[in-house]
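Laboratory data are not the source of any read-out in this text; all were calculated from the coordinates shown. Keep in mind that this is a model prediction, so the values were computed, not measured. Cβ placement follows ideal geometry from the backbone for every residue including glycine, while neighbour counts extend to all protein chains displayed.
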Amino acid sequence: MIRDKIVQFFQSHRFLVDVIRFGLVGVVASIVDIGLLNLLYLKASANLYVATGLAFVIASVVAYGLNNRWTYKRLGLQFGAQNLIKYTIIGTVGLVLTEIIMRVLVGNQGLNYNLAKVIAIFLVFFWNFFGNRFWTFRANA
């Protein structure tokens, strides 16, 4: 019974549309994130982890606006303090995860920072999607 409900949920059209739209917004935010990371780190000589954090925050603001106005528009949610606070909490956890991943992959493993950032974006995507879909942007939030 629970299994059937889970299968039905993941097969729903709305869920798939949300995943695709969230993914496309994620691509735009990732371009902003990686672009700013490189600009800050290479051109402004910022510390790698500071540049990672600043780029993540700015990309998160872009993603919030796009998700609120496009991905979850059908839910009728508006820019509001409650949703922004929830989004910020999810984003803060995502930032901490990103920083940990970057420190482990770059600092401990010696991986190229851009490759590490792509891996971090991929892994944190799942946290961001499910956290925001079922808490920040849920109907009747």
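Would you mind counting up the charge near LEU123? Only other residues with Cβ under 15 Å from its Cβ, with Lys and Arg at +1 and Asp and Glu at -1. Once all neighbours under 15 Å are counted, the net charge is 0. Using the alpha carbons alone, the radius of gyration of segment 2-136 stands to its Kirkwood radius in an Rg to Rh ratio of 1.02. If I fit a long axis through the Cα atoms of helix 13-38 and take the longest principal axis of the Cα atoms of the chain, what angle between them do I get, 0 to 90°, rounded to 10? Helix 13-38 sits roughly 10 degrees off the main axis of the chain. Charge dipole (Cα centre; +1 on Lys/Arg Cβ, -1 on Asp/Glu Cβ; no other charges) of segment 2-136 amounts to roughly 360 debye. Against the chain, whose longest principal axis comes from its Cα atoms, helix 113-131 is set at around 20 degrees. Take the Cα of PHE126, step 7 Å toward its Cβ, do the same at ILE100, and the gap between the two points is 1.4 nm. The length gained on full extension between ARG138 and ARG14, counted as 0.36 nm times the residue separation minus their Cα-Cα distance, comes to 43.4 nm. Principal-axis analysis of the Cα atoms of the chain puts helix 81-102 at an angle of about 40° to the longest axis.
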